[in-house]
Amino acid sequence: MIVISNPITVDNEINIIHSLFEEGLMLFHVRKPHFGISQMKQFLLNINSNYRDRLVLHSHYDIAEEFGINRIHFSESKRKVTLMLPNNLPFAQHTKKGFRLSTSVHSIEDFNELDDSFEYAFLAPVYPSISKENYFSKVNLLETIKNRNNYSTSLVALGGIESKNIKKTLKKGFDKVAILGTIWNRNNPIENFKSCQKIIQSF
């Protein structure tokens with residue numbers, strides 16, 4: 001299971017992140033679109049260095065090596081801009097340095113077109129978003145993944161994921177799930193994480 005940061009700063013955030021790691025979280029996506037480089041550096045410094053190999057950067061890729069981070073994430077828009085560059089050079093530059101890449105898509109058709117540069121991709125929103133009001137897919141993504149033909153990249157469900165729908169989501173064909181609102185927009189974030197984790201471990 002993957003957890004994505006709240007895009008804005010929240011109370012007790014670093015302590016919550018540490019508790020998630022202590023409970024077994026393997027990957028934490030650092031998505032802070034409004035952070036400048038100094039804010040991002042301070043945020044990363046606040047996270048115990050023992051967990052840096054579990055962090056995934058959504059921005060400021062140039063500081064990844066400085067912090068011992070080997071995973072970076074391309075949003076859909078960043079990926080599409082990169083694809084317009086000659087020979088997809090930025091993807092190759094990152095993978096040659098040993099970085100592991102992930103990305104985001106909003107349709108199974110776009111997912112099917114991904115090459116093996118990407119270890120996994122978020123497909124969203126599978127369910128109405130918990131963190132974004134009135135954000136939902138116009139198509140049933142649980143049904144469209146029947147058209148999946150890309151198996152070199154793991155398919156990760158994002159959007160409205162919570163304990164009550166994880167089993168259904170995995171049964172429909174997703175490889176993994178990612179959660180955001182279940183952690184940051186509800187009470188008892190650690191207990192919510194543990195409930196989701198327990199379901200995944202028993203699946």
- Net charge dipole size for the range 56-147 [Lys, Arg +1 and Asp, Glu -1 on Cβ; Debye, nearest 20]: 60
- Considering only 148, 31, 52, give the residue with the highest GNM mean-square fluctuation for the chain, with springs between Cα atoms whenever their separation is below 10 Å. 148
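About the Cα centre, and with charges only on the beta carbon of Lys, Arg (+1) and Asp, Glu (-1), how big is the dipole of the chain? Nearest 20 debye, please.
Working: 25 positive and 20 negative charges, 78 e Å.
About 380 debye.
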- Message: Considering just Cα atoms, how many Å³ per residue does the convex hull of the chain enclose?
- Response: 124
- Task: Please give the FRET efficiency for residue 138 paired with residue 172, using the beta carbon to beta carbon distance and R0 = 22 Å, rounded to the nearest 0.05.
- Result: 0.75
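Going down the list 146/171; 80/132; 146/168, which pairs span over 18 Å between their C-alpha atoms? Show your work: numbers first, answer last.
Numbers: 146/171 12 Å; 80/132 23 Å; 146/168 14 Å.
Over 18 Å Cα-Cα: 80/132.
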- Query: By the scheme Lys and Arg +1, Asp and Glu -1, what is the net charge of all other residues having a beta-carbon under 12 Å from that of residue 193?
  - Reply: -1
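Read-outs: derived from the displayed coordinates by stated rules, not from any lab. Fair warning: this is a prediction, and the values are worked out from it, not measured in the lab. Heads up, the Cβs are rebuilt from the backbone with ideal geometry, glycines too, and the neighbour counts pull from every protein chain shown.
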